[in-house]
Every structure is written in C-alpha cells, then in structure tokens.
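Colleague: Could you have a look at this structure, given as structure tokens, before my questions?
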Amino acid sequence: MVEYQHVTADMSVYRDGSIKLHGPEGFAGMRAAGRLAAAILDALVEKVVPGVTTGELDVFVREMMLDGGSVPATLGYRGFTHSCCTSINHVVCHGIPANKVLKDGDIVNIDVTPLLDGWHGDTSRMYLVGDVPLKARRLVDVTHECLMIGIGLARPGARLGDIGAAIQAHAEAHRYGVVREFCGHGVGRLFHDAPEVVHAARAGTGPELRPGMFLTIEPMINLGKAPVKMLSDGWTAVTRDKSLSAQFEHSIGITEDGCEIFTLSQTGRDKPPY
Ligand code: MF3
Ligand code: CO
Ligand code: CO
C-alpha cells in the first residue's frame, strides 16, 4: 500500500518510502530552484557549439549555480564528481563531463540540479550541435512531446501508470524504444525520493497523484531498441545497440487542478531549435 504524508519541515527529508505532500512553502522553494535551473539551461544555449568540451560546460554550470546562491546537487552525490551530466548521442544518461569535444551533428543532453535553499530543481534539455540530421532532430522533438504529454496528464486522481502509458504509446508509435532502467522520481528536499516515475507502464496502475506531490518526469527515448548498458566508469549508460538517445526532464508539483512546472524556461527555450 502506498503511504502519503503531509510534510512538515523536519519530515521532508525522511527516506521512509512515503510519498510526500508539500505545502505552499515547498512550492515556493521549488519555484525558486526550478527557475534557477531553467536559467542555467537557457544560458547554455549559446555555449553548446562545435569545439566546446563537456568539461568547459560543466565549469560554466558550476559557476552559474554558485552565483545563483545554490550548490550543484550532483557534486559528490554517490561519488559523482561534476556539476551536471552531459550525455552525447548514444549516451542515455549520466554522462560525465570531460575533455570530450562536441562536434557538428552531435545531440547532447545537459541535466542540471541546483540545490537552492534546500530544494532541488532537477531539469534537462537536449541541445543540437551545429547541423543535426533530420532523423536525430525528429527523435529530439518526439522525446520532448513525450515529456509534455506526460505532464499534461499530471493532476489529482490520475495514476502514475497513466503517465507512463501515454509516454510509451507516443514513443512506440514512432518505433522508438523507451528506456526502462532509469525513471523519474519524487523530488524536493531530497534529490531522489519516492515514488518512482516509470516512463513505460499500464494505464490505471501505480500510485494516485495528489495535490502537493513533487515529481520529475524525464523520459529517455532511443532511436533503436530500449535496452541500455553501463560503461565501466559506473555512471555512463549507453544504448546497447549504439542508437541515438534523447531525454528531457522537468520538475513539477501537483496542484488542485493540474500541475505547476517548476523548471519551465522563462525565455521560451524549452526545446530546440533555440
Ligand atoms: N539529474 C539526474 C536525474 O535526473 C541525476 C543525476 S545523478 C548524477 O535524476 F550523480 F549522475 F549526477
Ligand atoms: Co531527475
Ligand atoms: Co536530472
């Protein structure tokens, strides 16, 4: 049985498997963290060009997080040593910034999570490096559609499985593979909290959404088959068949009649072309 609890300040960090229901103070905290996260992804638009390294992008992200009064939630998280994840082409997620040069035609996901005043703004977008082939651009477009279709279903009374089912149906209608090994998650004062938000599911299953729940939705969609494999660095996940993979992520809060997207771009740059 799923347990829900209205959180007070001290309870909001409990890792007890319960689904937390936040109040106005949580919404205000997530709004601020989400806005900063979105502003960082906005600012990256002009930095992601052929010739830049993912390590340089990481430094830029780190400084912008610190300038904004936050700290990078990924820095030191389970041994991760960078301020964002940079996942290029067939990398599905958790790519480690390094001295790898971005080249014309690459697609790259940048995933940032500033921790601001105790709240995690977790969001990612795809960036197109120079001229990107139509097949890859279509994958990126459909992946963003998958995210927004999922968000469109997020309201009280819906079930998490409704969101996964709709995302899966849209991706598979384009013959894309939906990654199963990683999912969205509860978010808030904890980076990764209950529940798991799966991106492939049966409608009508899973926990019911209630006002005050904070979640991420972050579908990873492959041009080829769904299975992923881990590289020996222990972080980088790649498609088994080496096909391209795309991902977008928002942090949202369930309201009385729908949801609020905490990590929307304030400048309309939620997806390419920027
Ligand atoms: N931001 C990722 C997510 O969406 C988590 C990255 S954890 C890291 O949940 F350690 F790999 F950075
Ligand atoms: Co996330
Ligand atoms: Co993320």
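The values are calculated or read from the model by the stated rules, or taken from the named source; none is laboratory data. All values reported here derive from a predicted model rather than from experimental measurement. Methodologically, a virtual Cβ is constructed for each residue, glycine included, from the backbone with ideal geometry; neighbour enumeration extends over all protein chains shown. All accessible areas refer to the heavy atoms of the entire protein, side chains included, with ligands and DNA or RNA removed. Shrake-Rupley method; radii C 1.70, N 1.55, O 1.52, S 1.80 Å.
Colleague: Near LYS47, which lysines are there with a Cα under 28 Å away, not counting those fewer than 8 places off in the same chain?
Modeller: List returned: LYS100, LYS103, LYS135, LYS242, LYS271.
Colleague: Here is a follow-up. Between GLU3 and GLU63, what is the spin-label point distance in nm, taking each point 7 Å from the Cα along the Cα→C-beta axis?
Modeller: Computed distance between label sites GLU3 and GLU63 equals 4.6 nm.
Colleague: Is the shape of the stretch 163-255 best called rounded, prolate or oblate, per the rule: a/c under 1.5 gives rounded, else a/b larger than b/c gives prolate, else oblate, with a ≥ b ≥ c the square roots of the Cα gyration tensor eigenvalues?
Modeller: oblate
Colleague: Here is a follow-up. Residue by residue through the stretch 69-85, which ³J(HN,Hα) values in whole Hz follow from phi under the Karplus form 6.51 cos²θ - 1.76 cosθ + 1.60 (θ = phi - 60°), with glycine and proline marked x?
Modeller: x, 10, 10, x, 5, 7, 5, x, 6, 6, x, 5, 10, 10, 9, 7, 10
Colleague: Using the Karplus curve 6.51 cos²θ - 1.76 cosθ + 1.60 with θ = phi - 60°, work out ³J(HN,Hα) for each residue of the stretch 37-45 in order, rounded to whole Hz, and write x for Gly and Pro.
Modeller: Here the 3J(HN,Hα) series is 4, 5, 5, 5, 5, 4, 5, 6, 3 Hz.
Colleague: With a 1.4 Å probe and all protein chains in place, put TRP235, TRP119 in order of accessible area, largest first.
Modeller: Result, largest first: TRP235, TRP119.
Colleague: Among ILE110, HIS90, GLY79, which residue has its Cα positioned farthest towards the positive end of the charge dipole of the chain, with +1 placed on the Cβ of Lys and Arg, -1 on the Cβ of Asp and Glu, and the dipole taken about the Cα centre?
Modeller: Highest projection toward the positive end goes to HIS90.
Colleague: Need one number: nm distance between label points at GLU172 and ASN99, each 7 Å from Cα along Cα→Cβ, rounded to one decimal.
Modeller: Modelled inter-label distance: 4.5 nm.
Colleague: Further question on the same structure: Pick from LYS100, LYS20, LYS225: which is most flexible by mean-square fluctuation in a GNM of the chain where alpha carbon atoms under 10 Å apart are linked?
Modeller: The residue that fluctuates most here is LYS100.
Colleague: Give me the Å³ per residue figure for the convex hull around the C-alpha atoms of the chain.
Modeller: Hull volume over Cα atoms, normalised by residue count, gives 117 Å³.
Colleague: Follow-up question, since we're still on this one. Let me cross-check ARG155: its accessible surface, 1.4 Å probe, with only protein heavy atoms counted, in Å² to the nearest 10?
Modeller: 110
Colleague: Further, regarding this structure: Antiparallel DSSP bridges in the chain: what percent, to the nearest 5?
Modeller: Numbers: 39 of 42 bridges.
Looking only at bridges with both residues in the chain, the antiparallel portion is about 95 percent.
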